[in-house]
Amino acid sequence: MSRFPKAALLAAGIHMALISPVLAGQFNLGREATPEEVAAWDIDVRPDGQGLPEGRGTVAQGEEIFAEKCAACHGDFGEGVDRWPVLAGGQGSLKSDNPVKTIGSYWPYLSTVFDYINRAMPFTEAKSLEPDEVYAITAYLLYVNDVVTDEDFELSKENFVSVKMPNTDNFYMDDRETTELADRRKAPCMENCKPGVKVTKRAAIIDVTPDEGAEPKGSLE
Amino acid sequence: MFKQEKPELAVPARRQFLKAGLTAGVAAGAMVAGGRTAFAEGDEAIVEKKDWAVYPGNGVDAAPYGMPSQFEAHVVRRNVPWLTADTVSSVNFTPLHELDGIITPNGLCFERHHGGVAEVDPAEYRLMINGLVDKPMVFTMEDLKRFPRENRIYFLECAANSGMEWRGAQLNGCQYTHGMIHNVVYTGVPLKYLLEEAGVKTNAKWVMPEGADASGMTRSVPLEKALDDCMVAFKMNGEALRPEQGYPARLVVPGWEGNMWVKWLRRIEVGDEPWQHREETSKYTDLMANGKARRFTWEMDAKSVITNPSPQAPITHGKGRTVITGVAWSGRGKIDRVDVSLDGGNNWREARISGPSFDKSMHRFYYEFDWDGSELLLQSRAIDSTGYVQPTKNELRAVRGTNSIYHNNGIQTWLVNSKGEAENVEVS
């Protein structure tokens, strides 16, 4: 790849310095990526639909693909097998002692579902699905989560951003700065802070340390 | 109760000249027996002639890449099988109770993968920068190594470290309760330099690092942070990144949750909005008691833990002089002070910090005392350079409930009984 002539680079540098807090490069390293190279790697999708490929797929098509390529881990209806992620259900559980965070109960954006399936699924062969297959599987996941109820529903690039997820409004920006930090930045007590301290919980009773313990509820994944 | 594994004591290898003939072996045996009768009284470790003091050991090159002593074979990362469905998308834990100082050895740095370890050939390594830039760019490893390099020490803590402890004391061992952390020296290129080569457009606000692994890990990072102190690292503790830590290059996001430090970094897209990808929506968001969830909780709050004694590392010497040690860190700065309590938080005394104190790096503390053999409720409390005091677990729960999984930086309590055995407990 040929470099810009030196004069043009200099001009670009001056231009950048005027309009941007970020200075232009000064090391003249690397090369320009070609449009084909960018297209090969730039597969990410955003909530506003940026990055969605052309394509479409129905709930019924998605059900077939899901049964073949996804159900071994996630179950036929997204209920999850063993400790593999549960994808459906859990609505109304988020305040309970056993919240079930699924696409329907928790995920705020449908674009996340499409993007993740497209880049990381199926687990043993990532990035192998065609766009139409990803649309179809995503449509099926909306169906098993009761976000759409019609088996003939077709998801496409055109109608994608019109789908709203049930839990979208229940996320908020980190607010530790206002809700926690003032309480934490107080000089700590050094003496007689807690007379009569008692042990309230013991790991030995729960007994889940590896090699010896039983399996508790829940999973990190 | 966790059982400490005894190292397998291998018989020291006899050298070539002994392997050569039976007679030589017999002669050596007689020599050792003779020594024993000559000095019958006293510590056998002293009065017995040891093989290692008699026979020449391995020559150079016996291990072209050196490994720890055979007696340290129990010092390894360990996982908790019930946490995840499969080791390919799972985590193991740094054996904090076996380490000292502030640097984590490369082979003991905890692992967290979402699609297994990518084995990337550095000759085929490419880092692309695209999106809202004047010119999308591609860099090779050789290109990266032609930029000015920096060396900085940072901790990397998984947001889910101590995540199993929200509902109460669960796991007996600081390796399991606090071992999703490591602290190494990174050598790399400030991300700012790479972004400048591409020319960031004025409407850019975010960058999205992406991994080359099967999970294609992505996170949204504010441009301000990217230009401040993020770096693209290719060395850790002086040598190439380990494959499980992102070889040949990873992102370093100082003080922020480990998931953002994308390994096997292959692309950085520049954009004007966050991408809201899987690991910043369905995961790594903090579910509160009211069913709503905090997102973009990037900074790691100040935290500390006593690593010795702890359930995997009991006091074995009985009463008398005893060393308590542990580590402390903060995503907001340095650690100014660590307090230690022997009575479950009723009374506190200042511990001694030893070793270098760096911004967003682990700090090592010690507290030495004469143990009278009575029960102890050990706690440590970190105070960082912003004045943040590490809270109790109950103080955290009062704000966040018990469902948040992530960002549990509450004070840890070890109950040490009169035998010196330690257990993970919680106190009133």
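What to note about this one:
- Within the stretch A:187-210, the set of residues being charged (D, E, K, R) and either at the interface with chain B (Cβ under 7 Å from one of its Cβ atoms) or in contact with a helix residue (DSSP H, G or I) (Cβ under 9 Å, 6 or more places away or on another chain) (or both) comprises A:191, A:194, A:198, A:201, A:202.
- Selection within the stretch A:190-221 - open to solvent by 70 Å² or more (accessible area, probe 1.4 Å) and at pLDDT 90 or above: A:191, A:192, A:195, A:198, A:200, A:201, A:202
- Test: residue in the stretch B:118-133 that is at pLDDT 95 or above and under 30 Å from residue B:173 (Cβ atoms): yes
- Looking only at the stretch B:128-165, and only at residues there that are more than 10 Å from chain A (Cβ to nearest Cβ) and within 30 Å of residue B:311 (Cα to Cα), the one that is most open to solvent (accessible area, probe 1.4 Å): B:153
- If you go through the stretch A:128-157 and keep only what is touching a residue at least 60 places away in the same chain (Cβ under 8 Å) and of a type in the set (Asp, Glu), you end up with A:130, A:132, A:133, A:150, A:151, A:152, A:154.
- In this structure, residue B:172 does not qualify as within 20 Å of the chain's Cα centre (by Cα) and part of a strand (DSSP E or B).
- Residues satisfying the stated conditions in the stretch B:221-252, i.e. open to solvent by less than 10 Å² (accessible area, probe 1.4 Å) and outside any strand (DSSP E or B): B:226, B:230, B:241, B:245, B:246, B:248, B:249
- Verdict on residue B:70 being of a type outside the set (Gly, Ala, Ser), open to solvent by 20 Å² or more (accessible area, probe 1.4 Å) and facing chain A (nearest Cβ under 8 Å): no
- Residue A:97 meets each of the listed conditions (1) farther than 21 Å from residue B:116 by Cα; (2) surrounded by 22 or more Cβ atoms within 10 Å (Cβ to Cβ); (3) facing chain B (nearest Cβ under 9 Å); (4) not hydroxyl-bearing (Ser, Thr, Tyr) apart from (2).
- Filtered by the rule that a residue be touching a helix residue (DSSP H, G or I) at 6+ places or on another chain (Cβ under 6 Å) and surrounded by fewer than 24 Cβ atoms within 10 Å (Cβ to Cβ), the stretch B:253-269 gives a lone residue, B:259.
- Residue B:80 meets the stated requirement of being outside the structural domain of residue B:261 (by TED's automatic domain parsing), within 22 Å of residue B:327 (Cβ to Cβ), touching a strand residue (DSSP E or B) at 6+ places or on another chain (Cβ under 8 Å) and in contact (Cβ under 8 Å) with a residue 24 or more places away in the chain.
- Residue count, the stretch B:166-187 (criterion: open to solvent by less than 10 Å² (accessible area, probe 1.4 Å) and β-branched (Val, Ile, Thr)): 3
- Flag if residue B:239 is out of contact with any strand residue (DSSP E or B) (no Cβ under 9 Å at 6 or more places or on another chain), at pLDDT 95 or above and either over 21 Å from residue B:331 (Cβ atoms) or not assigned by TED's automatic domain parsing to the domain that holds residue B:278 (or both): yes
- Selection count where residues are within 7 Å of another protein chain (Cβ to nearest Cβ) and assigned to a loop (DSSP other than H, G, I, E, B), scope the stretch B:175-218: 5
- Test: residue B:107 is among the small types (Gly, Ala, Ser), touching a helix residue (DSSP H, G or I) at 6+ places or on another chain (Cβ under 7 Å), in the same structural domain as residue B:171 (by TED's automatic domain parsing) and touching a residue at least 12 places away in the same chain (Cβ under 8 Å): no
- So residue A:72, is it surrounded by fewer than 17 Cβ atoms within 10 Å (Cβ to Cβ) and under 20 Å from residue B:214 (Cβ atoms): yes
- For the stretch B:351-361, the condition holds for at least one residue, the condition being that it is surrounded by fewer than 22 Cβ atoms within 10 Å (Cβ to Cβ), in contact (Cβ under 8 Å) with a residue 12 or more places away in the chain and not in a loop (DSSP other than H, G, I, E, B).
- Single residue of B:424, B:394 found to be at the interface with chain A (Cβ under 10 Å from one of its Cβ atoms), over 30 Å from residue B:281 (Cβ atoms) and touching a Gly at 6+ places or on another chain (Cβ under 9 Å): B:424
- In this structure, residue A:68 does satisfy being away from every other protein chain (no Cβ under 12 Å), out of contact with any Asp or Glu (no Cβ under 9 Å at 6 or more places or on another chain), modelled with pLDDT of 95 or more and farther than 16 Å from residue A:142 by Cα.
The values are calculated or read from the model by the stated rules, or taken from the named source; none is laboratory data. These numbers come from a predicted model, not from an experiment. Here the Cβ is made from the backbone with ideal geometry for all residues, glycine too, and neighbour counts use every protein chain on show. In case anyone asks, the SASA skips ligands and DNA or RNA and just uses the protein heavy atoms, side chains included. Shrake-Rupley method; radii C 1.70, N 1.55, O 1.52, S 1.80 Å.
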